[in-house]
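So the structure is just underneath, and the comments pick up after that.
The values are calculated or read from the model by the stated rules, or taken from the named source; none is laboratory data. Note that the structure is a prediction, hence the values are computed from the model and not measured. Using ideal geometry, Cβ is built from the backbone for each residue, glycine included, and neighbour counts are taken over all protein chains shown.
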Amino acid sequence: MTYSKLKLNRLPAIIVIIVAAFLLLTLSACTKQKEKEPEVIKIGAILPMTGNLAWFGEHAKNSCLYLEKELNAQKKQVEIHIYDSKSTPKDGLSAYRKMIMENIRYSYISLDPVSKAIIPNIEKDKVLVFVGSVDNEIAQKSRNVFRCYYGFKDQTIAQYKLLKSMKVKSAGMVLRDVSAIRKYSEELLGEKLKDAGIFVKGVHLYASTTKDFRSILIKMKSESPDALVISEYGALYPTIFKQLDELNLRNSLTFVCGLGMLNVKKDDYHLYEGVIFTAPMFFGQTKTDFRDNYINIYGRPPTYEAYYCYDSVKTLFLALKNSKGSIRETRDYILNNKFQGISQEEMEFDENGDLKVSTVYRVFRNGEVGYYK
């Protein structure tokens, strides 16, 4: 065999070696590129961006933008996709279908009616959702539902324990006319008080748009309860207590209020002298800069919707990042772990997927607010 023939015989082997080396280099480069660019986690948020509750959705959207920027600054890549429910169940369902078409399987849903329209579809569609709902039983409707929101049920039980410990003999109620509030405050609290020998003298309902409470308050006063439970629309509390003072109806009544403290302004502290609030813990108590940063960015304080949307989406993100990514594994990770939150310091869910809400008693004394023990 001559040298030229030998050289030709080796040519295929040389080509194979070159190609193999090229492929190895390409694979190595791709691997390094993949390490530099981690997979983006996509999470949906179905919010009322238009319609009569657009202000509600605006705060949730702001918290999503805030969280997205915060996580991406730490190189924990996430994309939060906002879908407009237009404040209605029908449009919320359309937004959900659009989200499914875009292959986003994890999301936060705002508003009870929208959540209840969507939930029947989620197991079939292999979706896991967090909902902002006041209904403590909503997570029981599907194993793929988590409820991350303050709880009327938890609050009601706290109110019952408080009234029982104070040994009041009778109570009245002034309640916002919403089904979940009536379910827990009127029915559950009413039954518990009755069983404890505390007589419920009257239940008075008002709408979210109510401006004048005088007739309700005068009737309530004529019933002479020892304590008055007021729930649930904090934005109306200043109006209620100003009108109580105008009518000179306070006297020795004990006032127990729900939620609402998020809306309490320092200038109005004098209105709530002696009033006890049973409420979730997050009103300025969590050790984060979220509230101050939110005000600096958006020019106004966050509503509770902003807190709970932030915590829902962040919990989803952490679960997806640390589990293998299937619906079952993500759900199991959430159920078996605790998360740092801004709505309350520690986020933990029961076996049904319902947030274990931390409820505290706060009381106003001499223009200051502190814990009631």
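Is it true that SER115 is of a type in the set (S, T, N, Q), under 13 Å from PRO48 (Cβ atoms), free of Cβ contacts under 8 Å to residues at least 60 places away in the same chain and buried (at least 24 other Cβ atoms within 10 Å of the Cβ)?
yes
For LEU320, indicate whether it is out of contact with any Asp or Glu (no Cβ under 6 Å at 6 or more places or on another chain), of a type in the set (A, V, I, L, M) and under 16 Å from VAL129 (Cβ atoms).
In short, yes.
Within region 258-301, how many residues are crowded, with 19+ Cβ neighbours inside 10 Å and either among the acidic types (Asp, Glu) or modelled with pLDDT of 75 or more (or both)?
8
Quick one: which of GLN155, GLN159, GLN140 is over 20 Å from the mean Cα position of the chain (by Cα) and among the polar types (S, T, N, Q)?
GLN159
Return the residues of region 65-78 that are charged (D, E, K, R) and under 19 Å from the mean Cα position of the chain (by Cα); say none if nothing qualifies.
GLU68, GLU70
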